[in-house]
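Reading through the structure tokens given below for one structure.
The values are calculated or read from the model by the stated rules, or taken from the named source; none is laboratory data. Keep in mind the model is a prediction, meaning the values are calculated, not measured. Cβ placement follows ideal geometry from the backbone for every residue including glycine, while neighbour counts extend to all protein chains displayed.
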Amino acid sequence: MDIVVLVKQVPDSGSERNLDPADNTVARGSADNVVNEIDEYAIEEALQLKEAHGGEVTVLTVGPESAADAIRKALSMGADKAVHVVDDAMHGACAPQTSAVLAAALQQIPFDIVLCGAESTDGQLSVMPALLAERLGIPQLSGARKLTVEGGVARVERQTDGGYWALEAPLPAIVSTWDTINEPRYPSFKGIMAAKKKPVQKKSLADLGIDPSTVGLATATSQVLDFAGRPPKGAGVKVDDEGDGAAKLVDFLATQKIV
Amino acid sequence: MAEVNGSEVLVLVELNPAGEGVRKTTLEALTAARALGEPSAVVVGGPGAAAAAKAQLAEYGAQRVYVAESEEVDQYLVAPKAEVLAQLVAEKQPAAVVIPSSPEGKEIAGRLAIKTGSGFLTDVTEIAPDGTATQVAFAGATIVHSKVTVGTPIYTVRGNSVTPEPAPGAAEEEQVAVQLSDAAKATRVVDRVVEQKSSRPELTEASIVVSGGRGVASAENFSIIEALADSLGAAVGASRAAVDSGYYPHTFQVGQTGKTVSPQLYIAVGISGAIQHRAGMQTSKTIVAVNKDPEAPIFELADFGVVGDLNTVVPQATEAINARK
């Protein structure tokens, strides 16, 4: 089975993140760049599919040179090879543009199934599987907490409020995963060493047959006009419970007209 | 910039899964859409869906109701609704499309954007008459103003960020023929399973949320969180630490890798307030915290905090609230 897993490098959500005031794009220098956390679950799921069905796992990443670190992480977990689309023209690309680039790259990689994380911690759009399914004309099985593949059919439990939807579609298909689907493995020392020798193919927009002027900030389908830090909250009231903490809390709720 | 002028705005209706009318998110979307023009509600669902929704749609300003009913649309994931909307965008040339920001709503918006060659903005908290949308980024730390620059602007409106306001609407019905393409029938929804039946409000829609964290210390002890929630008619949430420890199911997780909530009142009990959690609740209007650690970062966000043992403070508060009823 040919498996492609989409991996995104994002600013660490545990640190202070910012937009760049020069052009209102994500400031990639402001925080450590890491693999988007939920993508690790997609990588793990890809490795488990390979273990069950055979085949190869290809990592596909779109991003600046620094995204090579994210690719190494995926390769050290056990993916076989990678394609890194890197092109300065992509700076400031919007989601529809990025989906066009990923779709073009996927047309050059044979696949039975594409896996990705259900959400990135920076943009938080949760739309990439839908955009790629639309562009590639393949089924979308998004938001999975469980995936099984059997006889050319993918079955997913799509996580919902208070339950799940059972989805079914023929391969090739795109599946996105939540962090409920598995427990990602840690890269072993052997895996880290092996990753250094695994092939990473770099591709430019031209390699994908995409006109660079159709991608990037200048032609993005939406634009950030301005941004500001959220105004800091005024210091609240903090009381020590000396037997009357609950009463004071309820009094506060009463001033808010809640009780 | 794509011009948004005072004309028709399509609003996709999110039906109540229980089969009774529309979800509150629909009324919020109708209210937000009125900043841009005259809202027309679009009902895509099984036969009879529009009839059950019509009164509420009229009450919240829908001038027209496009009725796209078919047995088939609910049998497939996301794509049928995007296809119906794309057909309407082509026919009606609306000024914009507004969709409630559920996981499905965002995916519909994305597919519609590709089909119509448009830009889209997700999780907007406000739409201005000139089409500028407000979004919160980076765990609520940054406020962003954005605009769609290409095609028919598509917005998804984040739950609980717009207060639904009634306005008279004619809700004139127009039938829309549904002819799904094969591509729209790619992913079959075989079953919809409800595992946790709860009489409590939906987490993302609730006006009050009471959440428990690691400090609650056991699954059994979450009953004190539930009791406080029930005294306030609130939804129950949990931090990632509580979910990872097996105290409460994942579907109730609030935070970066769970739900984002923005209620009128958020009560955080035994939650330290790591960025993972703040990401999901930072934009709540009023925040109350109970924690035994006076240095817990959650107190930086709290309008009112109690430093104390949650096992005494929370049951006492529940009792006092119930006594006031």
**Request:** Check whether at least one residue in the stretch B:65-76 is touching a residue at least 24 places away in the same chain (Cβ under 8 Å), under 18 Å from the mean Cα position of the chain (by Cα) and under 21 Å from B:Pro39 (Cα atoms), and report yes or no.
**Result:** no
**Prompt:** B:Glu295: free of Cβ contacts under 8 Å to residues at least 12 places away in the same chain, surrounded by fewer than 17 Cβ atoms within 10 Å (Cβ to Cβ), in a loop (DSSP other than H, G, I, E, B) and not hydrophobic (A, V, I, L, M, F, W, C), yes or no?
**Reply:** yes
**Prompt:** Is at least one residue of the stretch B:26-38 within 23 Å of B:Ala128 (Cβ to Cβ) and either in contact with a Lys or Arg (Cβ under 9 Å, 6 or more places away or on another chain) or outside the structural domain of B:Ser102 (by TED's automatic domain parsing) (or both)?
**Reply:** yes
**Asked** If you go through the stretch B:167-191, how many residues are under 20 Å from A:Ala133 (Cβ atoms) and not in a loop (DSSP other than H, G, I, E, B)?
**Response** 6
**Request:** Kindly indicate which of B:Ala279, B:Ala317, B:Ala274, B:Ala289 is at pLDDT below 95, under 16 Å from B:Val209 (Cβ atoms) and either surrounded by 22 or more Cβ atoms within 10 Å (Cβ to Cβ) or out of contact with any Phe, Trp or Tyr (no Cβ under 6 Å at 6 or more places or on another chain) (or both).
**Result:** B:Ala279
**Prompt:** Mind checking whether some residue in the stretch A:185-206 is in contact with a Phe, Trp or Tyr (Cβ under 9 Å, 6 or more places away or on another chain), assigned to a loop (DSSP other than H, G, I, E, B) and either buried (at least 18 other Cβ atoms within 10 Å of the Cβ) or among the aromatic types (Phe, Trp, Tyr) (or both)?
**Reply:** no
**Residues that are of a type in the set (S, T, N, Q) and at the interface with chain A (Cβ under 7 Å from one of its Cβ atoms), drawn from the stretch B:125-147** = B:Thr132, B:Thr142, B:Ser146
**Asked** Within the bounds of the stretch A:118-135, is there any residue that is more than 29 Å from B:Val136 (Cβ to Cβ) and in contact (Cβ under 8 Å) with a residue 24 or more places away in the chain?
**Response** no
**Prompt:** Can you tell me which residues in the stretch A:1-43 are in contact with a helix residue (DSSP H, G or I) (Cβ under 9 Å, 6 or more places away or on another chain) and polar (S, T, N, Q)?
**Reply:** A:Gln9, A:Ser13, A:Ser15, A:Asn24, A:Thr25, A:Asn33, A:Asn36
**Request:** Kindly indicate which of B:Val150, B:Val190, B:Val176 is within 26 Å of B:Ala18 (Cα to Cα), within 11 Å of another protein chain (Cβ to nearest Cβ), at pLDDT 95 or above and more than 19 Å from the chain's Cα centre (by Cα).
**Result:** B:Val190
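Matching residues to (1) β-branched (Val, Ile, Thr); (2) out of contact with any helix residue (DSSP H, G or I) (no Cβ under 6 Å at 6 or more places or on another chain); (3) part of a loop (DSSP other than H, G, I, E, B):
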residue: B:Leu27; (1), (2), (3): no, yes, no
residue: B:Ala32; (1), (2), (3): no, yes, no
residue: B:Pro47; (1), (2), (3): no, yes, yes
residue: B:Val84; (1), (2), (3): yes, yes, no
